[in-house]
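Below: the structure, in structure tokens.
The values are calculated or read from the model by the stated rules, or taken from the named source; none is laboratory data. The model shown is predicted, which means the values in this text are computed figures rather than measured ones. Cβ placement follows ideal geometry from the backbone for every residue including glycine, while neighbour counts extend to all protein chains displayed.
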């Protein structure tokens, strides 16, 4: 089943989240995704607010940068969300932007090792296990959550480089790919994920692939999309981003689905003039055109 979502970008002031989240809930949007971007908005705080303001929409955080977080804190906050809003939070972790991690003195010498250790400890804590580990970065001494989730939960991880994407298959329950990923990039990522799953003996387990898709609609859509792709350094790459009406966007979604995406999350441009309208466009115009 293909899941469709939209992003509330942290370029918007935090006080805008309430109206966007409520509209997402009322319009039937399946997933609303948030980002923990330095130095804009925190992922857990915004997710908690969005979940409290809504009744049914799932709320994803893609992603929480692990260099900023002690894994016990990540576990406590995640478990709280899972218990207060069963079945609705979706949490992903990742390296974070390395320049930002350097700005706050949290840049790891081996981001891959840190992510592997964080994922292993976090997933164990959320399973209700008591964890003792002495890793290069993650060190826990007889730690267990008093209030672990009542049901099994997914922990997703994001990545761009091949080693990290392979690690998401090995150590996470799902993979989040950026909006700079073309359909062919999705296919390559799926192959890497399967390599990681095979190496870890996890091929029988479910593994979800979430892909962001930069999308623009309405007046000036093509120009806004082009400007953002150029700013991201991918202006000349084929298959990345889409501008146009619901039919054009739905076709771009379907290309990602055919390449292996389980969930496609439409990401508006940073200068999207109508965030609420974008959510309504995704839920009411694009969703009916995407086979479920």
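Of all the criteria given as (1) over 26 Å from residue 283 (Cβ atoms); (2) free of Cβ contacts under 8 Å to residues at least 60 places away in the same chain; (3) in contact with a strand residue (DSSP E or B) (Cβ under 9 Å, 6 or more places away or on another chain); (4) not in a loop (DSSP other than H, G, I, E, B), the one not satisfied by residue 106 is (4).
Within segment 81-92, is there a residue that is in contact with a strand residue (DSSP E or B) (Cβ under 9 Å, 6 or more places away or on another chain), modelled with pLDDT of 95 or more, in a helix (DSSP H, G or I) and more than 30 Å from residue 24 (Cα to Cα)? Can you show your working first?
Restricting attention to segment 81-92, the residues satisfying the condition of being in contact with a strand residue (DSSP E or B) (Cβ under 9 Å, 6 or more places away or on another chain) are 81-82, 85, 87-92.
Still in the running and modelled with pLDDT of 95 or more: 81-82, 85, 87-92.
Restricting the remaining residues to those that are in a helix (DSSP H, G or I) gives 81-82.
Within this subset, residues satisfying the condition of being more than 30 Å from residue 24 (Cα to Cα) are none.
No, because not a single residue in segment 81-92 is in contact with a strand residue (DSSP E or B) (Cβ under 9 Å, 6 or more places away or on another chain), modelled with pLDDT of 95 or more, in a helix (DSSP H, G or I) and more than 30 Å from residue 24 (Cα to Cα).
Only one residue in 131, 186 is surrounded by 15 or more Cβ atoms within 10 Å (Cβ to Cβ), within 25 Å of residue 113 (Cα to Cα), in contact (Cβ under 8 Å) with a residue 40 or more places away in the chain and in contact with a helix residue (DSSP H, G or I) (Cβ under 7 Å, 6 or more places away or on another chain), so which one is that? Lay out the reasoning, then the answer.
Values: 131 fails: in contact (Cβ under 8 Å) with a residue 40 or more places away in the chain.
Only one candidate qualifies: 186.
Looking only at segment 1-24, how many residues end up being in contact (Cβ under 8 Å) with a residue 24 or more places away in the chain, assigned to a helix (DSSP H, G or I) and surrounded by fewer than 19 Cβ atoms within 10 Å (Cβ to Cβ)?
So the first thing to find is which residues in segment 1-24 are in contact (Cβ under 8 Å) with a residue 24 or more places away in the chain, and the list is 1-12, 14, 16-24.
Now narrow it down to the ones that are assigned to a helix (DSSP H, G or I): 14, 16-24.
Subset that is surrounded by fewer than 19 Cβ atoms within 10 Å (Cβ to Cβ): 14, 16, 18-19, 22.
Looking only at that region, the number is 5.
Scanning segment 136-145 turns up no residue that is within 29 Å of residue 269 (Cα to Cα), crowded, with 16+ Cβ neighbours inside 10 Å and modelled with pLDDT of 95 or more.
The residue that is farthest from residue 85 (Cα to Cα), among those in segment 43-69 that are assigned to a loop (DSSP other than H, G, I, E, B) and touching a strand residue (DSSP E or B) at 6+ places or on another chain (Cβ under 9 Å), is 69.
Output yes when any residue across segment 209-222 is under 28 Å from residue 40 (Cα atoms), surrounded by fewer than 21 Cβ atoms within 10 Å (Cβ to Cβ) and touching a helix residue (DSSP H, G or I) at 6+ places or on another chain (Cβ under 9 Å), and no when none is.
Quick first cut of segment 209-222, residues under 28 Å from residue 40 (Cα atoms) only: 209-222.
Still in the running and surrounded by fewer than 21 Cβ atoms within 10 Å (Cβ to Cβ): 218-222.
Restricting the remaining residues to those that are touching a helix residue (DSSP H, G or I) at 6+ places or on another chain (Cβ under 9 Å) gives 218.
Checked against the condition, which is being under 28 Å from residue 40 (Cα atoms), surrounded by fewer than 21 Cβ atoms within 10 Å (Cβ to Cβ) and touching a helix residue (DSSP H, G or I) at 6+ places or on another chain (Cβ under 9 Å), segment 209-222 yields at least one hit.
In segment 215-235, is there at least one residue being within 23 Å of residue 93 (Cα to Cα) and modelled with pLDDT of 95 or more?
Within segment 215-235, the subset within 23 Å of residue 93 (Cα to Cα) is 232.
Right, trim to modelled with pLDDT of 95 or more and you get none.
Within segment 215-235 (the criterion being within 23 Å of residue 93 (Cα to Cα) and modelled with pLDDT of 95 or more), the answer is no, since none of the residues qualifies.
So, of the residues in segment 228-264 that are in a strand (DSSP E or B) and touching a helix residue (DSSP H, G or I) at 6+ places or on another chain (Cβ under 8 Å), which turns out to be nearest to residue 1 (Cα to Cα)? Of everything passing the filter in segment 228-264, 264 is nearest to residue 1 (Cα to Cα). Candidates in segment 25-37 are the residues that are crowded, with 18+ Cβ neighbours inside 10 Å and over 15 Å from the mean Cα position of the chain (by Cα); of these, the one that is nearest to residue 211 (Cα to Cα) is 29.
Just name the residue that is farthest from the chain's Cα centre (by Cα) out of those in segment 189-218 that are in a loop (DSSP other than H, G, I, E, B) and in contact (Cβ under 8 Å) with a residue 40 or more places away in the chain.
Looking only at segment 189-218, we keep the residues that are in a loop (DSSP other than H, G, I, E, B), and these are 200-207, 217-218.
Now restrict to residues that are in contact (Cβ under 8 Å) with a residue 40 or more places away in the chain: 217-218.
Details: 217: 22, 218: 25 Å.
Only one residue fits best here, namely 218.
Any chance segment 47-60 includes a residue that's surrounded by fewer than 23 Cβ atoms within 10 Å (Cβ to Cβ), over 20 Å from residue 278 (Cα atoms) and within 17 Å of the chain's Cα centre (by Cα)? The answer is yes; a qualifying residue exists.
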